[in-house]
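Peer 1: Dropping the structure in here first, questions after.
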Amino acid sequence: VHRIMAVSLNASKSLDEEYVIGLNLSDDPVSNNYVLYVRNGILEVQQEIAENPKFVVSTDPLTWKNLVLGKLNPMDAVSNNDVQISGADPVDFYEFLDIFK
């Protein structure tokens, strides 16, 4: 799923953006913490706990996959409590996902 995100990253939208986003996948038995770095139009994903993230997204792996694939509307996911955003307003999350279109 993270490779799909890397391919779908809109380089022109993200060229001047810098994000550090924490991602907690609650049902992942191996490791559930990731950091998504977007810098200079490039996405890098690390399996670690984010230090000083802009915000943290908590969800289950299937919901995350459906968000990345565009099968689930982010606003619906947040309003249905399938996705929790901590440290920021959900609008920041929507803007982050918008750079992948």
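Peer 1: Please list, ordered by first then second residue, the pairs with beta carbon atoms under 7 Å, 6 or more apart or interchain, first in region 88-101 and closer than 15 Å to LYS71 by Cα, second not in a helix (DSSP H, G or I).
Peer 2: Partner pairs satisfying both residue conditions: PHE100/LEU9; PHE100/ASN10; LYS101/ASN10.
Peer 1: Go through region 75-87 and give me each residue that's touching a residue at least 24 places away in the same chain (Cβ under 8 Å) and either on the phi > 0 side of the Ramachandran plot or surrounded by fewer than 19 Cβ atoms within 10 Å (Cβ to Cβ) (or both).
Peer 2: GLN84, SER86, GLY87
Peer 1: Just wondering, is there one or more residues in region 36-43 that are open to solvent by less than 40 Å² (accessible area, probe 1.4 Å) and in contact with an Asp or Glu (Cβ under 7 Å, 6 or more places away or on another chain)?
Peer 2: Yes, that holds for at least one residue.
Peer 1: Which one of LEU25, LEU72, LEU62 is modelled with pLDDT under 95, open to solvent by less than 80 Å² (accessible area, probe 1.4 Å) and among the aliphatic types (A, V, I, L, M)?
Peer 2: Testing whether each residue is modelled with pLDDT under 95, open to solvent by less than 80 Å² (accessible area, probe 1.4 Å) and among the aliphatic types (A, V, I, L, M) leaves just LEU25.
Peer 1: Counting only residues that are in a helix (DSSP H, G or I) and either within 15 Å of VAL1 (Cβ to Cβ) or at pLDDT below 95 (or both), how many does region 78-94 have?
Peer 2: 0
Peer 1: Which numbered condition in (1) in contact with a Gly (Cβ under 8 Å, 6 or more places away or on another chain); (2) open to solvent by less than 40 Å² (accessible area, probe 1.4 Å) is the only one that ILE49 fails?
Peer 2: (2)
The values are calculated or read from the model by the stated rules, or taken from the named source; none is laboratory data. Please read these numbers as outputs of a predicted model, since none were measured by experiment. All Cβ positions, glycine included, derive from the backbone under ideal geometry; neighbour counts span all protein chains shown. The area values use the complete protein model at the heavy-atom level, side chains included, leaving out ligands, DNA and RNA. Shrake-Rupley method; radii C 1.70, N 1.55, O 1.52, S 1.80 Å.
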